[in-house]
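The values are calculated or read from the model by the stated rules, or taken from the named source; none is laboratory data. Bear in mind that the values here come from a model prediction, so they are computed numbers and not experimental data. All Cβ positions, even for glycine, are placed from backbone atoms using ideal geometry, and neighbour counts span all protein chains on display.
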Amino acid sequence: MKKVVVLTTGGTIASVKNDSNGLFTSGALPGEQLIDREKIDSAVSVEVASIFQVPSNAMSFDHLLTLRDKILEYFSDPDVAGITVTHGTDTLEESSYFLDLVINDPRPVVLTGSQRATFEEGTDSYANIRDAVTAAACPDCRDMGVMVLFNEYLFSAKYVKKMHAYNVHAFTSFGTGYLGYVDKGKVYMIHRPVRRESHEIKQDLPRVEIIKACLDGDGGLISCAADLGLQGLIIEGVGRGHVTPKVAQAVAKAVEKGIFVVITTACEQGRVHPVYDFKGGVVDLKSKGAITGHDYDSKKARIKLIVLLASGIESKDDLQQAFLF
């Protein structure tokens, strides 16, 4: 019998109703109460461990490092076929990608959550847990990196994004699509990643923040951020990664202070690329020392820069090369 470990961390999927105010208390259910083994394939042996009971907006990198350690601990058991993690949806895309970058094991790690709590009509909690466990036990899901299972679809952690605030069809991967799906207890994989990467955390995680570019932005927030002792800064530009001339000057000053600045695009598809010769264009930003973030969105670029810096990569050229994949 295949063995899957389910690690629970809180979120809507583990919520209970607060009768005094009618609101939800996120993450209140421990794992043993959340996981209903009768709703899971009887051919799979499930071990449950409650790691955290927090709403996902409170998830921190300290939580994620603990979760990574727990996953690696369970993977020391050769009988474990895969691991499922239940997680709140608000930061699920970030947590999944962090784990993807720091876990080097061929066995599946599948994150899931829900948009509706277990007590709500039409809840997606149990279906998502069941399908995530099915995927974690499936040999075809090996060597796929960390994946997210939601509403029967399997997504790559690198590209998955929450696209809806409350609908059960909450996640997608713009431009790249899903890797596979689960239908009536069977997994059907249709794509595989061309390349995987993993990094060993060797030092404290650095502080990296995100600033969004906009029409007539003056770069003031970048100047403020540069005075906070940040090691990295993600600028979410427009189009191919463009910013205003004033923002470009602020980027130059941040780089001069030793901050690694990565330029991403707010577009859901396409990559940052030098096309124009105007001030604030990608050519101009690169000349000022910025790193181009290829097709990463700002959240994933932040996660990647944090992991790269914590793994000891401190050369701008090496960081630029790493963002090309």
Would a scan of region 147-155 turn up a residue that is out of contact with any strand residue (DSSP E or B) (no Cβ under 8 Å at 6 or more places or on another chain) and of a type outside the set (D, E, K, R)? no
Apart from one, (1) outside any helix (DSSP H, G or I); (2) farther than 25 Å from L29 by Cα all hold for G88; the odd one out is (2)
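Residue-by-condition table, conditions (1) part of a strand (DSSP E or B); (2) of a type in the set (S, T, Y); (3) more than 19 Å from I201 (Cα to Cα):
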| residue | (1), (2), (3) |
| --- | --- |
| T8 | yes, yes, yes |
| A28 | no, no, yes |
| D62 | no, no, no |
| D77 | no, no, yes |
Within region 310-325, residues being touching a residue at least 12 places away in the same chain (Cβ under 8 Å) and in a helix (DSSP H, G or I) number 5
Selection from region 44-60 of residues of a type outside the set (S, T, N, Q), without any contact (Cβ under 8 Å) to a residue 60 or more places away in the chain and not in a helix (DSSP H, G or I) yields E47, V48, A49, I51, F52, V54, P55, M59
Among the numbered criteria (1) of a type in the set (V, I, T); (2) closer than 30 Å to Q231 by Cα; (3) surrounded by fewer than 14 Cβ atoms within 10 Å (Cβ to Cβ), which single criterion is violated by V194? (2)
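Do we find that V307 is under 22 Å from V146 (Cβ atoms) and either assigned by TED's automatic domain parsing to the domain that holds G217 or in a helix (DSSP H, G or I) (or both) in this structure?
So V307 fits the description; yes.
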Considering only region 288-302, how many residues are at positive phi and outside any loop (DSSP other than H, G, I, E, B)? 0
Hey, E120 hits all of (1) over 14 Å from the mean Cα position of the chain (by Cα); (2) surrounded by fewer than 18 Cβ atoms within 10 Å (Cβ to Cβ); (3) at pLDDT 95 or above but one; which does it fall short on? (3)
